[in-house]
1. Name the residues in region 29-53 that are in contact (Cβ under 8 Å) with a residue 40 or more places away in the chain, out of contact with any Ser or Thr (no Cβ under 6 Å at 6 or more places or on another chain) and of a type in the set (D, E, K, R), would you?
2. Among the numbered criteria (1) in a loop (DSSP other than H, G, I, E, B); (2) within 10 Å of the chain's Cα centre (by Cα), which one does N41 miss?
3. Give the number of residues within region 61-99 that are among the acidic types (D, E) and exposed (fewer than 13 other Cβ atoms within 10 Å of the Cβ).
4. From the residues in region 54-101 that are in contact with a strand residue (DSSP E or B) (Cβ under 8 Å, 6 or more places away or on another chain) and of a type in the set (D, E), which one is farthest from N19 (Cα to Cα)?
5. Mind checking which residues of region 42-60 are out of contact with any Lys or Arg (no Cβ under 8 Å at 6 or more places or on another chain), surrounded by 14 or more Cβ atoms within 10 Å (Cβ to Cβ) and farther than 15 Å from M81 by Cβ?
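Read-outs throughout are calculated quantities, based only on the coordinates presented, and are distinct from any laboratory measurement. All figures in this text were calculated on a predicted structure; none of them were measured in a lab. Every residue, glycine as well, gets a Cβ built from its backbone with ideal geometry; the counts of neighbours run over all protein chains shown.
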Amino acid sequence: MKNIIFLLLFVPLAAMSINDPSVESSIRGEISYPQIAIAQNIEGVVLVEFKIDLNGQIDIVAINSSDVTLREYVTAKLKSMVFPGKTSDENYTMRFDFRLR
């Protein structure tokens with residue numbers, strides 16, 4: 001029930017966000033379907049809200065997913081990325097859909 005309430009509160013924020021296209025493109029280029037999730041037939045959606053701190057590192061404000069494997073994968077990928085000079089007081093929001101075909 002908590003996940004449903006969080007999603008209902010989180011989704012409107014995601015719809016209102018305007019992300020820096022270069023940051024979003026870089027992130028989308030780094031995040032692909034994790035092999036472990038493919039092997040285990042895991043599908044799901046990850047919603048993430050984050051800021052870029054003064055050092056250019058991603059500070060995750062909120063993250064939600066129906067699957068812990070996908071959530072941990074996206075968290076690790078974002079934490080490994082750095083965007084020097086892209087500091088912002090604005091929150092970024094992104095949605096990642098992982099669907100097997």
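1. The answer is E30, E43, K51.
2. (2)
3. Matching residues across region 61-99 total 3.
4. D67
5. Selection gives I42, G44, E49.
Table: residues versus (1) without any contact (Cβ under 8 Å) to a residue 24 or more places away in the chain; (2) over 15 Å from S25 (Cα atoms); (3) assigned to a loop (DSSP other than H, G, I, E, B).
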{"site": "I60", "(1), (2), (3)": "yes, yes, no"}
{"site": "I63", "(1), (2), (3)": "yes, yes, no"}
{"site": "Y73", "(1), (2), (3)": "no, yes, no"}
{"site": "L78", "(1), (2), (3)": "no, no, no"}
{"site": "D89", "(1), (2), (3)": "no, yes, no"}
{"site": "T93", "(1), (2), (3)": "no, no, no"}
{"site": "F96", "(1), (2), (3)": "no, no, no"}
{"site": "R101", "(1), (2), (3)": "yes, yes, yes"}
